[in-house]
Every structure is written in C-alpha cells, then in structure tokens.
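**Q** Shown below is the structure under consideration.
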Amino acid sequence: MASPDLAAAANQYDKNGDGELTVDEIASGIAAWQKTGVGARSLPFGIRLNDQPLAGATVQLVPAAFLGDGMKEASGRTNAGGSGQFNMKPEDRPKNAPNMPLMQPGLYHVVITHPTIKIPAKYNSATTLGIEVTSSNPGLEGVKWSLSSK
C-alpha cells in the first residue's frame, strides 16, 4: 500500500479481509472515529534510534491529504529521554484549551527529523510511517517508534 497513513489503519478498515481498501471501507473507518465526537486529545510519544533514546528529534504528524483542510498538523520534539507530546499550533487548538498539548484524531503520515543526526529517508522525506489516532488508539501510553539507522 503506497499511503503510510492508510497502511496504518488497513487492518481495522479492511472489513472483508481481501487486503484491499475500498472507498466505502475507508469512509466507514473514518466515520467510526468521527462518531466518538472527540475533537482533540493528548498523545505522548517516544523515539529510539538504534535502541537508544533519540533526544532533540522533531516529529510531525501530517494529515492524510484526502481528509482536507479541516485536519491540522501536530508536532512535537523529544526530550533527553526520547519522549515528547504532540501539539497543534496555538491557533488550531480548541478555544477552551488554548494551552493544552492536543491534537485531532485522524490519519497521519509521520515525519521524523533531527538537526544533527542523519535519520534515514524512510522516516522523513520518503516516510513509510503512518498512524491512525482515535479517541482510544493509541492508548494512554502513547506511541513508540524504534528506528534503525540502517
């Protein structure tokens, strides 16, 4: 599957198990997380590179293009322990939570970069990483990526 955002949700969306996603299956999957009514949630994350915490990395969650302009990008930067929290831009956050680190549920492709460490293209410019964020996925522990420089 060419789209990392759809690949991340393929197992949940492919109702007939044929390995192909139809427009109806995608629409049904999206409708399921939209029906929860959750407009924003917090989402922690962690990154390890070659089994070591990756400090100072920036992670961008870029909404799947077919979701339109209503979906906003989220990003975060890792601390010394390789952990971070996703956040929308201040102008995109809910008016009743202007200072909380929140992001929208949706389908995203993941872009991981670092200012001084070379991160392989499969994690950024040619990313193979995608994620579906819903009210309950990933769970409270967030998402963890274990990268390899190979």
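Read-outs: derived from the displayed coordinates by stated rules, not from any lab. Predicted model, so just to flag it, every value in this text is computed and none were measured. Note that we place each Cβ from the backbone using ideal geometry, even for glycine, and neighbour counts take in every protein chain shown.
**Q** In whole percent, what relative contact order does the chain give with Cα contacts below 8 Å and a gap of six or more residues?
**A** 31 percent
**Q** Another question, then. List the residues, sorted by chain then number, that are 5 or more residues from residue 64 or on another chain and whose placed amide H is less than 5 Å from its amide H.
**A** 107, 108, 109
**Q** How would 114, 109 line up from fewest to most surrounding beta-carbon atoms within 10 angstrom?
**A** Ordered from fewest to most neighbouring Cβ atoms within 10 Å, 114, 109 come out as 114, 109.
**Q** If the cut-off is a Cα-Cα distance under 18 Å, which lysines reach residue 72, setting aside same-chain residues fewer than 8 apart in sequence?
**A** Within the straight-line cut-off, residue 72 pairs with 89, 95.
**Q** For the range 1-80, take the convex hull of the Cα atoms, compute a quarter of its surface area, and give me that in nm², please.
**A** Numbers: hull surface 28.0 nm².
Taking the Cα atoms of the range 1-80, their convex hull projects to 7.0 nm² on average.
**Q** Between residue 20 and residue 80, take the C-beta separation as r, use R0 = 30 Å, and let me know the FRET efficiency to the nearest 0.05. Could the numbers behind the result be given before it?
**A** Details: r = 43 Å, r/R0 = 1.45.
Efficiency, from the Cβ-Cβ distance: 0.10.
**Q** Please give the FRET efficiency for residue 42 paired with residue 149, using the beta carbon to beta carbon distance and R0 = 22 Å, rounded to the nearest 0.05.
**A** Computed FRET efficiency for residue 42 and residue 149 comes out at 0.15.
**Q** Over the range 4-138, what per residue volume does the convex hull of the Cα atoms give, in whole Å³?
**A** Per residue, the Cα convex hull of the range 4-138 comes to 124 Å³.
**Q** Rounded to the nearest 20 Debye, what is the dipole magnitude of the chain about its Cα centre when Lys and Arg each give +1 and Asp and Glu each give -1 at the C-beta?
**A** Once rounded to the nearest 20, the dipole reads 640 debye.
**Q** Over 21 Å, how big is the tail of the calculated P(r) for the range 77-150, in percent of all Cα pairs? Walk me through the numbers before you get to the answer.
**A** Numbers: 972 of 2701 pairs.
Cα-Cα pairs in the range 77-150 separated by more than 21 Å: 36 percent.
**Q** Let me ask another. Check the straight Cα-Cα distances from residue 150 and name the lysines below 30 Å, setting aside those fewer than 8 residues away within the same chain.
**A** 118, 122
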